[in-house]
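K.L.:
I'd like to ask some things about the structure below.
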Amino acid sequence: MPDAAAPTDASTAAPEGLWYVAAIARQVRAGSEHAEPVFGRTLRLTRDGQGVAIDASSDPIAVRESEGLIWAWLAGPEGEAPPCGPPVFNGPGGKVRFVEEALLPGPYDDAVYGLLDPAHGPYVHASPLWRSSRTLREKAKDYVPSPLGFTMLAHEPKNSAAYKLIGGGVQVEIGFQLPALRSEWISNTANKVLGLTTLTPVDANSTRIRQIFYWQSPLLSLVSPFVRPFTRGFLQQDVHIMTLRQRAAPWRLREMLIRDGDQLFIWYRRMKAEWARARASGQAFENPVRPATLRWRT
Ligand SMILES: [Fe+2]
């Protein structure tokens, strides 16, 4: 059933007044400059005894280092200062163990759609290591609102061999929050892994996706070099589908969003609109998401 209340004409740009991952902390080394294209400009990042700094011409963009990441704050046209620091995820060990990135063509919201579409996984990433569309089954997922997003409550993953890397009894909890930070906690009694997927606007028509992992398990450190080619292939599948999506864009007359499959993206659009409203009025953000059980076949 189409959701009549879903906005279809909203801006597809990344929301302002939020923190984005601009770089991985180890990319910025003392004694040399790291140039990073973000928000339609080039951030020139340097490191000294005080930490990471940004060249004065990038004013009013603020940068902070946290959990092995360099975050940049996207200010509005008024150039206000960030009211708080970047989000904290408490990734195990506090150190980035693994990162792969790719540049996705298309506006920010198209990349967010790829992150939230439940059909994206089985159809875009049909790798034998991951899963295939032959394993389709009916799913019911429970969601609750979080301060700036929503959380899919912990469940036992059914059809991904990749989870077996950390052993049995695995539970997965997936969070999503504005601007578009997806956190996947994979845990059992012995191990805890945090997978963080981040989207950063490079300019109006390209978005950088990063897949970042935190863990403390020595076994995972051992197998991670073998996982890398799969992750790289995985992100290239994202680039491929986004390229096709951009090619089809001229024929996309009107966006149609369908429940329950598109409910997560509908929530994202509503949260983004509410975020803009709250910022413009100086009022607190009121999360429009309500607890819900969503059903689909993936
Ligand atoms: Fe993907």
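The values are calculated or read from the model by the stated rules, or taken from the named source; none is laboratory data. Computed from a predicted structure; not experimentally measured. Methodologically, a virtual Cβ is constructed for each residue, glycine included, from the backbone with ideal geometry; neighbour enumeration extends over all protein chains shown.
K.L.:
So for the range 58-69 (the condition being in contact with a strand residue (DSSP E or B) (Cβ under 7 Å, 6 or more places away or on another chain) and exposed (fewer than 15 other Cβ atoms within 10 Å of the Cβ)), does at least one residue qualify?
P.N.:
No - not one qualifying residue is present in the range 58-69.
K.L.:
Among the residues of the range 239-248, which ones are within 19 Å of Leu116 (Cα to Cα) and away from the ligand (no atom under 15 Å from the Cβ)?
P.N.:
If the condition is that a residue be within 19 Å of Leu116 (Cα to Cα) and away from the ligand (no atom under 15 Å from the Cβ), then Gln246 is the only one that fits.
K.L.:
Okay, next question. Considering (1) buried (at least 21 other Cβ atoms within 10 Å of the Cβ); (2) modelled with pLDDT of 95 or more, say which one Gln177 fails and leave the rest.
P.N.:
Every listed condition holds for Gln177 apart from (1).
K.L.:
Which condition number in (1) touching a strand residue (DSSP E or B) at 6+ places or on another chain (Cβ under 7 Å); (2) surrounded by 14 or more Cβ atoms within 10 Å (Cβ to Cβ); (3) within 25 Å of Val112 (Cβ to Cβ); (4) not small (Gly, Ala, Ser) is the one that Arg44 fails?
P.N.:
(3)
K.L.:
Among the residues in the range 216-228, are any aromatic (Phe, Trp, Tyr) and not in a loop (DSSP other than H, G, I, E, B)?
P.N.:
Checking the range 216-228: at least one residue is aromatic (Phe, Trp, Tyr) and not in a loop (DSSP other than H, G, I, E, B).
K.L.:
Here is a follow-up. Name the pairs whose Cβ atoms lie under 7 Å apart, with the first residue in the range 103-128 and closer than 25 Å to Thr151 by Cα and more than 11 Å from the ligand (Cβ to nearest atom), the second acidic (Asp, Glu) and not in a helix (DSSP H, G or I), and 6 or more positions between them or separate chains?
P.N.:
none
K.L.:
Follow-up. Condition first: in contact (Cβ under 8 Å) with a residue 24 or more places away in the chain, within 24 Å of Pro105 (Cα to Cα) and surrounded by fewer than 11 Cβ atoms within 10 Å (Cβ to Cβ). Can you find one or more residues in the range 268-284 that meet it?
P.N.:
Checked against the condition, which is being in contact (Cβ under 8 Å) with a residue 24 or more places away in the chain, within 24 Å of Pro105 (Cα to Cα) and surrounded by fewer than 11 Cβ atoms within 10 Å (Cβ to Cβ), the range 268-284 yields no hits at all.
K.L.:
Additional query: Do we find a residue being within 22 Å of the chain's Cα centre (by Cα), away from the ligand (no atom under 16 Å from the Cβ), closer than 28 Å to Gly79 by Cα and among the hydrophobic types (A, V, I, L, M, F, W, C) anywhere in the range 258-272?
P.N.:
yes
K.L.:
If you don't mind, another one. For Asp203, indicate whether it is away from the ligand (no atom under 16 Å from the Cβ) and not basic (Lys, Arg).
P.N.:
yes
K.L.:
Of the residues that make up the range 185-192, is at least one within 24 Å of Trp73 (Cβ to Cβ), part of a strand (DSSP E or B) and either within 16 Å of the ligand (Cβ to nearest atom) or among the aromatic types (Phe, Trp, Tyr) (or both)?
P.N.:
no
K.L.:
In this structure, does Leu244 turn out to be in a helix (DSSP H, G or I) and either surrounded by 13 or more Cβ atoms within 10 Å (Cβ to Cβ) or touching a Lys or Arg at 6+ places or on another chain (Cβ under 7 Å) (or both)?
P.N.:
no
K.L.:
Right, next: Counting only residues that are surrounded by fewer than 18 Cβ atoms within 10 Å (Cβ to Cβ), of a type in the set (A, V, I, L, M) and within 14 Å of the ligand (Cβ to nearest atom), how many does the range 216-238 have?
P.N.:
Qualifying residue count for the region: 0.
K.L.:
When you check Ile212 against the structure, is it among the β-branched types (Val, Ile, Thr), surrounded by 13 or more Cβ atoms within 10 Å (Cβ to Cβ) and over 29 Å from Ile24 (Cβ atoms), yes or no?
P.N.:
no
K.L.:
Let me ask something additional. Taking the conditions exactly as written (of a type in the set (A, V, I, L, M, F, W, C) and at positive phi), does Phe39 satisfy them or not?
P.N.:
Criteria met by Phe39.
K.L.:
Continuing with the same structure: Considering each residue of the range 88-113, count those that are buried (at least 20 other Cβ atoms within 10 Å of the Cβ) and within 20 Å of Gly195 (Cβ to Cβ), and give that number.
P.N.:
Of the residues in the range 88-113, 5 are buried (at least 20 other Cβ atoms within 10 Å of the Cβ) and within 20 Å of Gly195 (Cβ to Cβ).
K.L.:
Phe213 is checked against (1) farther than 22 Å from Phe150 by Cα; (2) within 16 Å of the ligand (Cβ to nearest atom) and fails just one. What number does that condition carry?
P.N.:
(1)
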